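Engineer: Structure below; questions to follow.
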Amino acid sequence: MTTTMTRAAAAAARAQQVRQRADRPSQRRCAEESGSRAVVRAALAGVQLRAAAGDGGSLEFTGHASVTERAYEMWDWYGPYSEVISAGAFDTTLSRTDLDVPLVLGHDQLRRIARTTTGTLDLTVDDVGLAVAARLDPADVDVAYIAPKLRAQLVDEMSFAFRIEAGTWSPDYTEYRIDRVDLHRGDVAIVGYGANPSTDAALRQPARPVSSRARALLELALAGG
């Protein structure tokens, strides 16, 4: 069965079973396989390194964890569909004074490298989507681990974990538009592969190389010490 036929069949089944267009997707996930995660992922571009201005050699990471008004493929109980995040979907959640969102590696909550509550991570919305700006410590083992992979473009995608607060299916049930999300206690993440190919990021190199202490810590971690 072709993707078009699968999408059409899924939409027809969805139209029969979904009670109202405001209902959220059932068993929403990133891939066809049951049990796949439901995060939105997107490719990065223009990866580079530079020192954060006036910050003693720390790294500055910038990019987009998600784009708005661009469709990407997702799956639900019935099959594939297109999903779109509205331009204003982040406005309410980003206005929280207690917003707690970390920047992590691979959605691993123990591999945090920045966080909104510590003042090292800023999240805003621009004409592309959810913009990420973080100040990273090059002595952090996880930062030392990911920096050369970003430089070499071995890892070049981002993702974010969130909750859907409001959305609407299109009249033919082939597209779901997310109108409002909740990022609080979710995350923005650097990941290996993604479904949405439209975001970008930049991790900029410090004026001096990563310290020998950081390198030694990284070697110990990789050796399991």
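Engineer: Could you identify the single residue in Ala31, Ala43 that is touching a Pro at 6+ places or on another chain (Cβ under 6 Å), modelled with pLDDT under 95 and closer than 17 Å to Met158 by Cα? Step through it out loud before you land on a result.
Structural biologist: Numbers: Ala31 fails: touching a Pro at 6+ places or on another chain (Cβ under 6 Å).
Selected residue: Ala43, the only one of Ala31, Ala43 that is touching a Pro at 6+ places or on another chain (Cβ under 6 Å), modelled with pLDDT under 95 and closer than 17 Å to Met158 by Cα.
Engineer: Six or more apart or on different chains, Cβ under 7 Å: which pairs go from a residue in the stretch 65-79 that's within 19 Å of Asp23 (Cβ to Cβ) and touching a residue at least 40 places away in the same chain (Cβ under 8 Å) to one that's outside any loop (DSSP other than H, G, I, E, B) and of a type in the set (Gly, Ala, Ser)? Could you list them?
Structural biologist: Close Cβ pairs satisfying both conditions: Tyr78/Ala10; Tyr78/Ala13; Gly79/Ala9; Gly79/Ala10.
Engineer: Do you know which residues across the stretch 65-91 are on the phi > 0 side of the Ramachandran plot and out of contact with any strand residue (DSSP E or B) (no Cβ under 7 Å at 6 or more places or on another chain)?
Structural biologist: Restricting attention to the stretch 65-91, the residues satisfying the condition of being on the phi > 0 side of the Ramachandran plot are 69, 79.
Within the stretch 65-91, just Gly79 meets the criteria.
Engineer: Right, another one. Does any residue in the stretch 25-54 that is under 26 Å from Tyr145 (Cβ atoms) come within less than 7 Å, Cβ to Cβ, of a residue that is modelled with pLDDT of 75 or more and surrounded by fewer than 16 Cβ atoms within 10 Å (Cβ to Cβ) six or more places away or on a different chain, and which pairs are these?
Structural biologist: Matching pairs, first to second residue: Cys30/Ser36; Cys30/Arg37; Val47/Arg151; Val47/Gln153; Leu49/Arg151.
Engineer: Moving to a separate point now. Here are some residues: Leu136, Leu99. Which one is closer than 26 Å to Asp179 by Cβ, hydrophobic (A, V, I, L, M, F, W, C) and in contact with a helix residue (DSSP H, G or I) (Cβ under 7 Å, 6 or more places away or on another chain)?
Structural biologist: Details: Leu136 fails: closer than 26 Å to Asp179 by Cβ.
Step by step, each of Leu136, Leu99 is checked, and only Leu99 is closer than 26 Å to Asp179 by Cβ, hydrophobic (A, V, I, L, M, F, W, C) and in contact with a helix residue (DSSP H, G or I) (Cβ under 7 Å, 6 or more places away or on another chain).
Engineer: Would you check if Ser58 is at pLDDT below 95 and either surrounded by 17 or more Cβ atoms within 10 Å (Cβ to Cβ) or among the charged types (D, E, K, R) (or both)?
Structural biologist: yes
The values are calculated or read from the model by the stated rules, or taken from the named source; none is laboratory data. What you see is a predicted model; the values in this text were computed from it and never measured. Positions of Cβ are backbone-derived with ideal geometry, glycine not excepted, and every protein chain shown enters the neighbour counts.
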